[in-house]
1. Among the candidates Pro358, Pro345, single out the residue that is over 30 Å from Trp143 (Cα atoms), open to solvent by 20 Å² or more (accessible area, probe 1.4 Å) and touching a residue at least 12 places away in the same chain (Cβ under 8 Å).
2. List pairs: first in the range 177-198 and at pLDDT below 95, second part of a loop (DSSP other than H, G, I, E, B) and open to solvent by less than 30 Å² (accessible area, probe 1.4 Å), Cβ under 6 Å, 6+ apart or cross-chain?
3. Tell me, which helices (runs of 4 or more DSSP H) wholly within the range 156-274 include 2 or more residues that are of a type in the set (Val, Ile, Thr)?
4. Based on this model, can you work out whether Ala288 counts as of a type in the set (A, V, I, L, M), assigned to a loop (DSSP other than H, G, I, E, B) and within 30 Å of Gly212 (Cα to Cα)?
5. Please enumerate the residues belonging to the range 6-40 that are hydroxyl-bearing (Ser, Thr, Tyr) and in a loop (DSSP other than H, G, I, E, B).
6. Here is a list: Asp370, Asp337, Asp378. Which entry is out of contact with any helix residue (DSSP H, G or I) (no Cβ under 8 Å at 6 or more places or on another chain), within 23 Å of Leu250 (Cβ to Cβ) and among the acidic types (Asp, Glu)?
7. Starting from the range 126-139, keep only residues that are under 16 Å from Ser65 (Cα atoms) and aliphatic (A, V, I, L, M), then list their pairs with residues that are open to solvent by 60 Å² or more (accessible area, probe 1.4 Å) and in a helix (DSSP H, G or I) whose Cβ atoms are within a distance under 6 Å, requiring at least 6 positions of separation or different chains.
8. Return the residues of the range 65-89 that are crowded, with 16+ Cβ neighbours inside 10 Å and closer than 23 Å to Arg162 by Cβ; say none if nothing qualifies.
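The values are calculated or read from the model by the stated rules, or taken from the named source; none is laboratory data. Just so it is clear, the model here is predicted, and its values are computed rather than measured. Ideal geometry is used to build each Cβ from the backbone, glycine not excepted, and the neighbour counts take in all protein chains shown. Side chains are part of the model used for accessible areas, which takes the heavy atoms of the whole protein and leaves out ligands, DNA and RNA. Shrake-Rupley method; radii C 1.70, N 1.55, O 1.52, S 1.80 Å.
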Amino acid sequence: MKKPHLTPRIAAVYLLDEVLGEGRLMSELLAAGTLQALPPADRARAQRLAGDTLRGLERADRLLSRHLRKPPPLPVRNVLRTATVELALGGDAHGVVNEAVEMTGRHPRHNRLKALVNAVLRKMVDEAPRKWSDLRQPGLPGWLREPLVEAWGKAPVAAMERAHFAGAPLDLTVKADPAAWAERLGGTVLPTGTVRLQEATQISTLPGFETGDWWVQDAAAALPVKVLAPEPDEQVLDLCAAPGGKTLQLAAMGAHVTALDISERRMARVTENLARTGLTAECVVGDALTHADQYDAILCDAPCSATGTIRRHPDLPHAKDGSDFGALIALQAAMIDHALTLLRPGGRLVFCTCSLLPDEGECQVEAALDRHPGLAVDRASLDLPGVDPAWITDEGGLRLRPDFWPELGGMDGFYIACLRV
């Protein structure tokens, strides 16, 4: 039988099968070229549909459960889920239902269920758009919600869940003149200097992409480099550099940058981004725990749970279960200790994680201060445009959360601290 032509809907269902069935992250799937057969516009559409479905999974399942005696096999369930979400968000009923039925009919093991899919989705055509907004706000799974409630309280976590469900706008770091680029792209300049676009769009078609005048980077992710504040000609190490947004920032500010990452494939992305933007850095594939040299300043964006990025990566709560937290926390501590040995006298280290868990932020810095007599937190480094003093924590770090800036569209969760030796 002839293999069906790949469409955005087929690709979105495949992504869901891998995330929900195999525990794989969408970022891994995309990096492996899963959607390369699709043209860029369709690739973006598939990612958007998969992301919308993961955000609204609880609502979709609640609607579908009223018409299913028992959950169908996962591949069929994911067809129903994506179609229900697309219908709820205003998708063309004829196209959505027909393709869902066709997808099911082509499945080698579950094609007998295509009549069920057709019958259920005919009901969803009316129910999904009418009842969607009346359903409760989707929440985080218990393995993550419980430690977050313990850290921040029920009301802030509920606000974070609202931010996660809303998704993330497109944030850009520009090399020069944010106001001019905001006007040209139809965006706004955030208080910290990031340009934000509210409408979803195909990034590669925007003015300035091919010429390398900007790169995609959440407003929160752009702050660690501003906290580090590299001087021109300083020797700066960017640990765990891929995909390279912070390397680009450092290079654009005139620093001599060494970008280090353990993954050759991910480092290739850094090289590509440097070439597109016309910036330079020394790219090194290596282990952050064995690297040896001396630097004026180091940026350590350590591997972490990435729980601060759920608004843009809704697959994380479904593909993870928290079992790797302990190993990540131990790795972060080891990276801080080793990075401090690479600093010249008077040097500074910015430690940051895109995590909402204090164990990967505030607690790490408190423990590092205990382990290293003479190490100090540079609170003055956080005195930056757009940074609310209320975000500064007791030990002198910067705590960012998705529920901050709700009127502007939120931000990723991050922890940032500048340490001086």
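1. Pro345
2. As it stands, the answer is Gln198/Pro169, since those pairs meet every condition given.
3. Here the list reads 223-228.
4. Taking the combined requirement at face value, the residue satisfies it.
5. Residues satisfying the conditions are Thr7, Thr34.
6. After applying the criteria, what remains is Asp378.
7. What qualifies is Leu135/Arg62.
8. Result: Arg81, Thr82, Thr84, Val85, Glu86, Leu87, Ala88.
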